[in-house]
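Below is one structure, written out as structure tokens; comments come after it.
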Amino acid sequence: MTGQLSLNAFIYPAGHHEAAWRHPSTTPERIYDVEYYQQIARTAEAGKLDAIFFADSPSLRTEVAHNAAGRLEPITLLTAVAVATERIGLIATASTTYSEPYNLARLFGSLDHISRGRAGWNIVTTGDPGAAANFGLDAHPVHAERYARASEFVDAAVALWDSWEDDAVVLDREAGVYADRTRIHEIGHHGRHLRVRGPFNQPRPPQGHPVLVQAGASNDGRAFAARYAEAIFTAHQRLADAQAFAADVRDRAARLGRRPEHVRILPGISPFIAGTESAARALQQEFDELTVPAYGLAQLAALTGTEVGEVEDLDLDGPVPARLFADAGDVTDNGRSRLQVVAGIVERERPTVRRLLRRLAGARGHRVVAGTPEQIADTITEWFTAGAADGFNVMPPWYPGGLEVFVEAVVPILQQRGLFRTEYTGTTLRDHLGLPRPVNTLVPSRHRTGA
């Protein structure tokens, strides 16, 4: 636990519950309407949240027949959100497997300039094999290769942002000098996966570089996070597991010479909130009863790496077959970390297939809680004070109402407890997260102005 809580609003179009689009309190017809997202962002900003956070994938990953599965491209969308807000951070997901460093660095650098320092990049290697065919590839690169490319990719992107010194723009009208060319550098990245010459074609972003966010708890993911991530989005069901993960990543970061407090660990939490616990549980059941089993089974097949035909005839009221989780591995070799989270649920709770599908319907393996505002605040407080989390990615079951009730009812309790800000004290996402502006690694120490 360091400083105060961080809270992001993780945006899924209609909400994080898979049946949210069917509920009368949602408006799925608006999920391609920019004003819908501007409204959500203003709600988050009114609650003084750190950021809004958009997931993305370069393919149609889900069964669109039973869910509002399509999405707008998040960097483009967040540029429109930036001009409708003032302080809220803007985090977009983008893939290192299906992008190139120069183009992606331009997009995020531009977002940081346009928003005056509010951009964040959620770095993913893309887990969906279906993306390969969209980019002319015969097969999806294997896990280790994707992370090897990701490391090169981030190194190159950061070098591009650093290729302009902070004082490279001279703007001397009298002398006719716009920029000092000696303070703009080629990066000369030549790796096994990528070659990028540089320099960049825009000045260094206001934050030095956008905040680097990572989601992934495999061993490769943890090593990557320890080296690069300034915020980590993770999934845990139990406090002890979250504590162990946080301790491991902080230790890895320290061994690489980083300050552990500069790695913000943010589990997902999906809250059903009502005036009484029983009313909150009834609200959760209301959403669960709108689920379509065929959709849940397709998600289960994707999670476990089985064919849909192998699960579509399962007895919904029978036990979950152990064979589905035979390849989950364990925490010492956790290449499929989300599968392990779900395998843990199956092992501990012995649910029926129907019950498991409903457990996953709420937030795809992230922690779902139902209770009063005080109870939700208690859960957040417990994890924060126990060192299991520096904050949370809040995953409302439905939008926009689920975020509105969180901001109106839960945030004031956290503020009263002194755990969360009552006003923004800075203007950038780094300010909100308590992160320093990074030193420009390409600049000789005598020239550094961005530390």
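Compared with the dominant Cα axis of the chain, that is its longest principal axis, helix 34-46 is turned about 90°. The dipole here belongs to the chain: it is taken about the Cα centre, uses +1 on the Cβ of Lys and Arg and -1 on the Cβ of Asp and Glu, and is about 1080 debye. Relative to one another, the C-alpha centroids of the stretch 341-399 and the stretch 139-203 are positioned 40 Å apart. Within the stretch 234-302, the proportion of Cα pairs with more than 20 Å between them is 58 percent.
Relative to the longest principal axis of the Cα atoms of the chain, the long axis of helix 101-114 lies at roughly 90 degrees.
Where a ≥ b ≥ c are the square roots of the eigenvalues of the C-alpha gyration tensor, would you call the stretch 29-141 rounded, which needs a/c under 1.5, or, failing that, prolate if a/b is larger than b/c, or oblate? Mind dumping the intermediate values first?
On the way: a/c = 2.51, a/b = 1.43, b/c = 1.76.
Note, shape of the stretch 29-141 comes out oblate.
Given the stretch 346-451, report the % of alpha carbon pairs whose separation exceeds 18 Å.
Result: 65 percent of Cα pairs exceed 18 Å.
When a/c reaches 1.5 or more, the comparison of a/b and b/c decides; with that in mind, is the stretch 131-277 rounded, prolate or oblate per its Cα gyration tensor? It comes out prolate by the Cα gyration axes. Classified by the C-alpha gyration tensor, the stretch 154-218 has an oblate form. Its axis ratio a/c, with a ≥ b ≥ c, is 1.5 or above, and a/b does not exceed b/c.
Counting only DSSP beta bridges with both residues in the stretch 160-310, the antiparallel share comes to about 40 percent. Summary value for the chain: 23 percent relative contact order, contacts being C-alpha pairs under 8 angstrom separated by 6+ residues.
Summing -39500 (n - 2.57) over the DSSP H runs of n ≥ 4 in the chain and dividing by its residue number, what mean residue ellipticity at 222 nm do you reach, to the nearest 500 deg cm²/dmol?
Helices in the chain give a 222 nm mean residue ellipticity of -10500 deg cm²/dmol.
The stretch 1-82 has equivalent-ellipsoid semi-axes of 23, 14, 14 Å, by the square roots of 5 times the alpha carbon gyration tensor eigenvalues, sorted largest first.
Volume per residue, Å³, of the convex hull around the alpha-carbon atoms of the stretch 261-392?
Dividing the Cα hull volume of the stretch 261-392 by its residues yields 124 Å³.
What is the percent of Cα-Cα separations in the chain that go past 30 Å? Of all Cα-Cα pairs in the chain, 44 percent lie more than 30 Å apart.
Evaluate the relative contact order of the stretch 257-413 (contact order divided by residue number), counting alpha-carbon pairs under 8 angstrom at least 6 apart; express in whole percent. That works out to 41 percent.
Values in this text are rule-based calculations from the coordinates and carry no lab data. Not measured: the values here are computed from a predicted model. Counting neighbours? That spans all protein chains shown, and the Cβs are built from the backbone with ideal geometry, glycine included.
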